[in-house]
1. Compute the length gained on full extension between I168 and L246: take 0.36 nm times their separation in residues and subtract their Cα-Cα distance, giving the result in nm to one decimal.
2. Express in nm, to one decimal, how much length is gained between I222 and V189 on full extension, taking 0.36 nm for each residue of separation and deducting their alpha carbon distance.
3. Find how much the distance from S155 to D212 grows on full extension, using 0.36 nm per residue of separation minus their present alpha carbon separation; answer in nm with one decimal.
4. Of C308, C172, C241, how do they rank once you tally other Cβ atoms within 10 Å and put the fewest first?
5. Within a Cβ distance under 13 Å of L96, other residues only, what is the Lys/Arg minus Asp/Glu net charge?
6. So for region 224-267, considering every pair of alpha-carbon atoms, how many percent are separated by more than 14 Å?
7. Calculate how large, on average over all directions, the projected area of the Cα convex hull of region 174-312 is; give the answer in nm² to one decimal.
8. As a footprinting exposure proxy, order D188, D212, D144 by other Cβ within 10 Å, with the fewest listed first.
Amino acid sequence: MASILWSVLSIALIIGVGWVARRAGALGPEAAGSLASVTYWVASPAMLFHAIVSTGTSGVFGAPLAVAAASGVGTALIFALVARFFLRLTRGEIALGAMASSLNNGAYIGIPIAVYVLGDASAVVPILVFQLGFFTPMFFVLADLAGSGQRPSVSGIATVIARNPMVIAAGCGFLFSAVGWPMPTLLDVSTSMLGAAAPPMILLSFGASLVDRRSASGNSGIAATVFAVVGKLALQPAIACGVGMLLGLSGPALMSVTIMAALPSAQNAYIAATRAKAGERIAQGTVLVTTFASLPVVVGIAAIFHACGVVS
């Protein structure tokens, strides 16, 4: 449990460094956008490619992957419907709010939680495969479409997909993994180094952006952020638990998929919002709150499963 706490505190510290650097003038007013741009075009695709090739896809297809997909897609759709018909958000705000409410921070919070709460690092692999291979690239494409301000068309969507660096990286990663090609040492080392730069740059950019952060516009912006937080930390794990039970999971396996669904929002939601110039306040607020609130939620879920006798 201490390692989980240190992971959360480390993330908070780097965000704080970004805030202080911007506040002190070491980072200029355009720094947050520049860091986000480098992360989007260079560091995140490298991390995505390297993670898919290194992790592989064999052995992860099954009930846990289905739960990860169902809980993520289900939460995103529920947020989108509520945001469209009750909160009256824009198309861009809906897309980025749905991303913030459903995309898990699997790599940086999920791994220590899987190891130190569940005792099994493989518990996070289905989430990584689903998100890295499908969910994250899909949301970045939606963000690009929202940022363009144009009405979607088949040719337009195809163009955005073909030019999206996350989609290209995921496609290349799955190709390497499926064919079984050995990754050249130079490519392995370089993508690992570039990918390692993504998390701190995302966090520094996020921290710097908080200096210039304005309050979410209107009651709808505040309500959207609150609903995204509730969706991430309550609705998504509830869906995961229900789907897991329907698929026959029980005991530690059911607790595992439920806890993995309660991970905080991924910082990629903020990067996508910055790129689309839409839903930035919603993404910022959701990532910030869920990063610190997820730990007591995870501990609470584990306590409930033990108290109910589902796990010993």
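Readers should treat all values here as calculations from the given coordinates under stated rules, not as data from a laboratory. Owing to the predicted nature of the structure, the values given are computational and were not obtained by experimental measurement. Reconstructed Cβ throughout: ideal geometry from the backbone, glycine too, with neighbour counts over all protein chains shown.
1. On the way: separation 78, 0.36 × 78 = 28.08 nm, distance 3.46 nm.
Here the segment from I168 to L246 would lengthen by 24.6 nm.
2. Gain on extension, I222 to V189, equals 7.6 nm.
3. Working it through step by step, the gained length comes to 16.8 nm.
4. C308, C172, C241
5. Details: positive: R91, R275, K277, R281; negative: E93, D144, E280.
Result for the local shell: +1.
6. Details: 442 of 946 pairs.
Value for region 224-267 (Cα pairs over 14 Å): 47 percent.
7. On the way: hull surface 48.3 nm².
Spelled out: convex hull of the Cα atoms, projected over all directions, averaged, 12.1 nm².
8. Details: D188 14, D212 9, D144 22.
By the 10 Å Cβ count, ascending: D212, D188, D144.
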